[in-house]
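S.K.: Sharing a structure, written as structure tokens. Questions coming.
The values are calculated or read from the model by the stated rules, or taken from the named source; none is laboratory data. Because the structure is a prediction, the values reported are computed rather than measured. Neighbour counts are summed over all protein chains in view; Cβ atoms, including those assigned to glycine, are modelled from backbone coordinates with ideal geometry. Keep in mind that these areas ignore ligands, DNA and RNA; they rest on the heavy atoms of the full protein, side chains included. Shrake-Rupley method; radii C 1.70, N 1.55, O 1.52, S 1.80 Å.
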Amino acid sequence: MAADSTIAPIDRFDSGKLLATGGVSTVEGSGGGGIATWALITSYGSRDAIGANAHATYITLPDFELRSYGAAIGVFDRVELSFARQEFDTGNTGARLGLGKGFTFKQDVVGAKVRVLGDAIYEQDRWLPQISIGAQWKRNNQEAIVKAVGAKDNSGVDYYIAASKLFLDSSFLLNTTIRFTEANQMGLLGFGGNKNDGYHATFEGSLAALLSRNLAVGVELRTQNDHLQFAKQERWMDVFVAYFPTKNVSFTAAFVDLGTIALQQRQRGGYFSLQVGF
């Protein structure tokens, strides 16, 4: 009797990665923390599968609100494609700045990330972290206004290299990202400026610890360019808690400190994000 040669079909939507190892969605749509992009590929699709997610994020500050929503797809745990729409609501500050109450800047962010070296999950016996490179194309819808405050353009491209090391035995993750960018406040205030111009390197760092199978805490830091004479840019930071009840949904809450934005100092507040996917 001939042996059974039937081969089980590959599940292209297997959600095979460990819980929480896809990270959450950043405000720019990429996989990572809240304000820092990680080398990890978004979603739970394994090396043979595809995964996707959608997110909605809300940041409330004393003088502004930032909303971000979008979607991302991870292909074979190798390539990530993402899109995010950002809405920066100036609230009452818009009237003080002469823009009108509730004036809102909008920006689209289209991103691509490729894992080029290492595997954060499976290569626990190696010192090499997972390394990814990526780019984000950004376009702001307020060309006249951002140029009026000193920006050179309302669109630009960020390039970055990220390294993530996951320590499963001690349940924590360390990430470092170097971003080459012309963006002012992520691009919400345009690109380049009348104080400094051209690409400069900025830093994004994250440290996250898994307290239980479903709960992670961490801190993040992100430095900024200082291109505009109109408005000094300062570093961003957050302290976050992320809850993963299942692989299909996650909730993130954080305290954020975004420094001075458009002359308004001490922009500290709350960050709330929902992500759904597979």
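S.K.: From the list 67, 96, which residue is within 19 Å of residue 30 (Cα to Cα) and open to solvent by 60 Å² or more (accessible area, probe 1.4 Å)?
M.R.: Step by step, each of 67, 96 is checked, and only 67 is within 19 Å of residue 30 (Cα to Cα) and open to solvent by 60 Å² or more (accessible area, probe 1.4 Å).
S.K.: Still on this model: I'd like to check something: does the stretch 199-220 contain any residue that is without any contact (Cβ under 8 Å) to a residue 60 or more places away in the chain, touching a strand residue (DSSP E or B) at 6+ places or on another chain (Cβ under 7 Å), among the aromatic types (Phe, Trp, Tyr) and open to solvent by less than 10 Å² (accessible area, probe 1.4 Å)?
M.R.: Within the stretch 199-220, not a single residue is without any contact (Cβ under 8 Å) to a residue 60 or more places away in the chain, touching a strand residue (DSSP E or B) at 6+ places or on another chain (Cβ under 7 Å), among the aromatic types (Phe, Trp, Tyr) and open to solvent by less than 10 Å² (accessible area, probe 1.4 Å).
S.K.: Can you tell me which residues in the stretch 167-209 are hydroxyl-bearing (Ser, Thr, Tyr) and assigned to a loop (DSSP other than H, G, I, E, B)?
M.R.: Within the stretch 167-209, 170, 171, 199 meet the criteria.
S.K.: Right, next: Which number in (1) over 21 Å from residue 69 (Cα atoms); (2) open to solvent by 20 Å² or more (accessible area, probe 1.4 Å) marks the one condition that residue 151 misses?
M.R.: (2) is the only condition that residue 151 fails.
S.K.: Can you name the number of the only condition in (1) modelled with pLDDT of 95 or more; (2) among the hydroxyl-bearing types (Ser, Thr, Tyr); (3) surrounded by fewer than 18 Cβ atoms within 10 Å (Cβ to Cβ) that residue 250 fails?
M.R.: (3)
S.K.: Next question, about the same structure. Taking the stretch 122-141 only, how many residues are in contact (Cβ under 8 Å) with a residue 40 or more places away in the chain, surrounded by 15 or more Cβ atoms within 10 Å (Cβ to Cβ) and not in a strand (DSSP E or B)?
M.R.: 1
S.K.: Okay, moving on. Out of everything in the stretch 226-244 that is open to solvent by less than 10 Å² (accessible area, probe 1.4 Å) and in a loop (DSSP other than H, G, I, E, B), what residue ends up being farthest from residue 264 (Cα to Cα)?
M.R.: Per the criteria, the residue is 227.
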